[in-house]
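Below: one structure, written as structure tokens.
Every read-out reported here was derived from the displayed coordinates using simple, explicitly stated rules and does not represent laboratory data. Given the structure is predicted, the values throughout are model-derived calculations rather than measurements. Using ideal geometry, Cβ is built from the backbone for each residue, glycine included, and neighbour counts are taken over all protein chains shown.
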Amino acid sequence: MRRTFSVLLHTLALATPLLLAAEVQAASTLAPCGEIFVQGGAECEIYVGPVCEGMCKPVSLTAACAAELRAECAGECNAEASVECVGSCEADCQADCEVDPGEFNCQLECQADCSANCDGHCSASENMAECKGSCEATCSADCDGQCKVTPPEVDCEAKCQAACTGSCDAQADLDCQIDCQAGGYANCRADLEGGCKLHCQRPEGALFCDGQFVDVGDQLDACVDALKALLEIEVYAEGSASCEGNTCQAEGEIGCQCDANGSPAGSVALLGLGLLAWRRRRS
């Protein structure tokens, strides 16, 4: 028996909150997303099939490669944050805490403070996209390292200290990381292109944020949870999928897993639970 679904997933924020709350609360690190830099307010979408494979171009692999190369360079790039940087950052941060302490987001604030330096570091670079990718990946990883060990229940001042330490640690390493990563992009892109297309061929599809491939491995659910919990980013997907038995074939911008009764199951279905509208017809 074959069933066809027309699927529209709107926003993770509107998904059934009681079922997702535990996973969102547990998402304390961007590691499931390969520690890729994702800007707050980014547009993140899940794609499948030929459309998806067409997106696996070198320019779309920069951020994922930067995250991978940053990890490889971490051993030789380990400078400590300067007292001046931390002090200046905390002064500004404390002002934000006084305005609205409940809204302070460690990861977002840390990344914003750090990545603001990337244009300046890369203005004279021969390849600004790669330079900026290396800079942003360094910011993301150091911010993640500090913020993930800061319990969500601590006061704004403690979150502020973590954000500033992460930002200033990253800034101290920027020159080293940018230089170290520069020679690795060509090989990384060549290796990652096949992995990107492989994700596109899977029923659950591949995740892209602002057009950049996110190398989630087999942790799509965990990555989506982390994007929502840490960066307040919604994940969208839309398209159609045909299911037969336990397998779905998808077109456009979504894949799904189906149970034996033809009902959506797994990561993509979970994202849209409570807002997944489908029209089922027997063929």
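Per-residue extension of 0.36 nm, minus the Cα-Cα distance of Glu98 and Asn127, leaves a gain of 6.4 nm for this segment.
Sequentially through segment 153-169, phi angles give Karplus couplings (6.51, -1.76, 1.60; θ = phi - 60°) of 7, 5, 6, 4, 4, 5, 5, 4, 4, 5, 4, 6, 5, x, 4, 6, 4 Hz, Gly and Pro residues having no value and appearing as x.
Using C-alpha pairs below 8 Å separated by at least 6 residues, the relative contact order for segment 65-184 is 44 percent.
Full extension of the chain between Gln219 and Ala186 yields a length gain of 9.3 nm, computed as 0.36 nm times the residue separation minus the alpha carbon distance. Sequentially through segment 43-51, phi angles give Karplus couplings (6.51, -1.76, 1.60; θ = phi - 60°) of 9, 10, 9, 9, 10, 9, x, x, 4 Hz, Gly and Pro residues having no value and appearing as x. Given their separation in residues at 0.36 nm each and the Cα-Cα distance between them, Val51 and Ala71 gain 4.2 nm when the chain is fully extended. Nearest 0.05, what FRET efficiency do Asp179 and Ala112 give at R0 = 22 Å with Cβ-Cβ as r? After rounding to 0.05, the efficiency reads 0.35.
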